[in-house]
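What follows is a set of notes on a single structure, which appears directly below.
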Amino acid sequence: MTPDRLPWEIVETLPSADRAMIDRATRRVASAKGAGERVAALVGRALARYWAPALGETDDSWAVSARHRQDDIAHAIEVARESADADLIATAALGGLYANWGPPDPTERGLVLEELNAVRPSVRDQELRVRIVEWQVLASFDAGDLAGVRRGIDDFLVESAGLDSKLFRRREVLWRANLEMLEGNLDEAVRLNEDAIASTADLAGSPFSFQNVAVTMAIAMYLRRSLADVVDAIRSIRASSPRVEANWDVGLAFVLSEIGELDEARRIFETLARDRFAPVPRDLNWLVSMHLLGLIAVNLDDHERAAELLEQLRPYASLDSTHGSGYASYGPVGRVAGLLAAVTGDLDEAEVWFDFVLSTRGPGPWTVLARLDRATCRERVDPVGALADAEQAEPALRRFGFGVRADEARSLADRVRLDGHGGPVARLEGGVWTLTHSSGRTDVRDGVGIRHLCRLLRHPGESIDVLDLDERVDPALPRASVVESAIDAEARTVYRRRLDQLDAMSSRTRRLDEEREFLLKELAGATHAASTSREIEKARVRVTTAIRRAVSTISEQSPGLGAHLTASLETGRRCSYQPVDGVAWRTDA
């Protein structure tokens, strides 16, 4: 680092701030002559002070140190603006972004970036122009604006052309890795991280860049529900990183809460939650840490702390939680706000935040996760909405390779269906089939007949040969047969519609009951087969008998469901389920 170059990276990567460095910066402030020296000295001291409280190099608390940094930057901006020099204005404004890096205020940061972009064409120092673009990229990541990120990266490549800096090249690759992650390409994101760090291992700050890789891998494992594999690695990083110890305490507690180690997670969480989470410094990692603490509170079902965290996160709920200069993303803060609101019992606010995320973020892992979260929160109060969310989330989760989460979505949808919402469903669990339909619900012990029946229910309107249903039949057996129909398809449809009308009538006369019995008998015997083989005939009898026994058992428990099945089933050489509505059952064994 040249003597006249400001140590911009000290805030993000270099643990080199010490009392001697701060003292040298203070002497430079006192001896500075002219606007240029004055601005550089003030910004330099503000940068040097950033990590001093965390490293024990000052007696000041984080809040007191932050006020000192703010005073230095305010003085630098005043001097720079009086000079009207574009480079000095850019230096002072960038100094404010770096030295006051903490929970992002979109409005305040936006105003600073507006000023920086306005002076950028007049800035002579190429590195300053590059750093202006870097902050624009970070702001786009924070806003979930991936198109803006791509434009920023293109702009960054133009501004940094000719600069001999591996550090800038590493930034570009890590940004692209984050984009891959946000679009669901997890393996590519991890690969890019590993390649970027391996090619710049000799650079200052590389140990902290290794942590970027660890963060990216942990996010991928979180999405895939495999965080148990990183517990030991996080314990090791936590022990070797005193500067950001609180952040890694958060990370460890989060992982433990995700894998079910709730007692240890709660012990660490309680330490961090003291005095409304005062142990978590409001540094550049604050929003990420609070984001994860919110998820821990949800996992621990801690209503009191959930309310405290929601209050602190609300001002940032429109943002994404971004690691470092955009190297990784923990997704929309609004998703966590929605979960926290649900834990506190405010489902209306939860809906607001989930709707915000789903309406403002493009498709990707975090968006589909927010949809699954909303389904979970809706299950008891809006089962139809929960079912719609779960059904939409499941295929998207499978496309991303999140099999465990996809199974969670499917199980949620099945629970809602079994409670009578959505389409008909038959589910086998513990040797018992549970059948739920608008006409009734019943439990039937597993057996051949119910399995034949469920196959027909899955494929309404499809005529299935008994030889495809009966596993006892020799597959080499010739299948030739003559199928004769007593009534045609149009008549069958008319009969079923009339049955539905009869079932819907609140009172029945004897004449209507007789008509209903006639229609049921006609439909039950609608087809018969003249088989060319005795074995085929035996299969027909076995299948027909098994299905009818299953329907009889169902009818004993649920007459309405039994009547529906009796009217909708055709048995014989070929069997089929012909409901009037044509709706298929979902069957899970």
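How large is ³J(HN,Hα) for each residue in region 225-236, as worked out from phi by the Karplus curve 6.51 cos²θ - 1.76 cosθ + 1.60 (θ = phi - 60°), to whole Hz, x for Gly and Pro?
6, 10, 6, 4, 6, 10, 4, 5, 5, 5, 4, 5
Angle check, please: helix 559-568 long axis (alpha carbons) against the longest principal axis of the chain (alpha carbons), in degrees 0 to 90, nearest 10.
So the helix axis and the longest Cα principal axis differ by about 80 degrees.
Considering only protein heavy atoms and a probe of 1.4 Å, how much of the accessible area of region 241-299 is carbon and sulfur, as a whole percent?
47 percent
Mean shadow of the chain, computed from the convex hull of its alpha carbons, in nm²?
34.9 nm²
Over its Cα atoms, what ratio of radius of gyration to 2.2 N^0.38 Å does region 294-422 give?
1.04
Please give the contour-minus-distance gain from E12 to D446: 0.36 nm per residue of separation, less the Cα-Cα distance, rounded to one decimal in nm.
The span from E12 to D446 would gain 150.1 nm if fully extended.
What are the trypsin sites (Lys or Arg not before Pro) within region 15-95 that DSSP puts in a loop, where the Cβ has at most 10 other Cβ atoms within 10 Å?
Within region 15-95, the qualifying trypsin sites (Lys or Arg not before Pro) (loop, at most 10 other Cβ atoms within 10 Å) are K33.
Between region 233-270 and region 386-450, how far is it from one alpha carbon centroid to the other, in angstrom?
36 Å
On a 0 to 90° scale, report how tilted helix 448-458 is relative to the longest principal axis of the chain, with both axes built from alpha carbons and the result rounded to the nearest 10.
60 degrees
With every protein chain present, what is the per residue accessible area of region 98-177 (1.4 Å probe, Å²)?
Result: 43 Å² per residue.
Within region 88-183, list the trypsin sites (Lys or Arg not before Pro) lying in a DSSP loop whose Cβ has at most 16 other Cβ atoms in a 10 Å radius.
Counting only loop positions with at most 16 other Cβ atoms within 10 Å, the trypsin sites (Lys or Arg not before Pro) in region 88-183 are R124.
Using modelled backbone amide H atoms (1.01 Å from N, in-plane), which distant-in-sequence or interchain residues come within less than 5 Å of S321's amide H?
The answer is Y330, G331, V333.
Please give the per residue volume of the convex hull enclosing the alpha carbon atoms of region 341-401, rounded to a whole number of Å³.
73 Å³
Excluding ligands, DNA and RNA, what is the solvent-accessible area per residue of region 268-393 at a probe of 1.4 Å, expressed in Å²?
With the other protein chains kept in place, region 268-393 gives 34 Å² per residue.
Less than 11 Å Cβ to Cβ from R335, Lys/Arg counted +1 and Asp/Glu -1: what total charge do the surrounding residues give?
+1
The values are calculated or read from the model by the stated rules, or taken from the named source; none is laboratory data. Predicted model only: the values in this text are computed from it and were never measured. Glycine also receives a Cβ, built like all others from the backbone with ideal geometry; neighbour counts cover every protein chain displayed. Just so you know, the surface numbers come from the protein's heavy atoms only, side chains and all, with ligands and any DNA or RNA stripped out. Shrake-Rupley method; radii C 1.70, N 1.55, O 1.52, S 1.80 Å.
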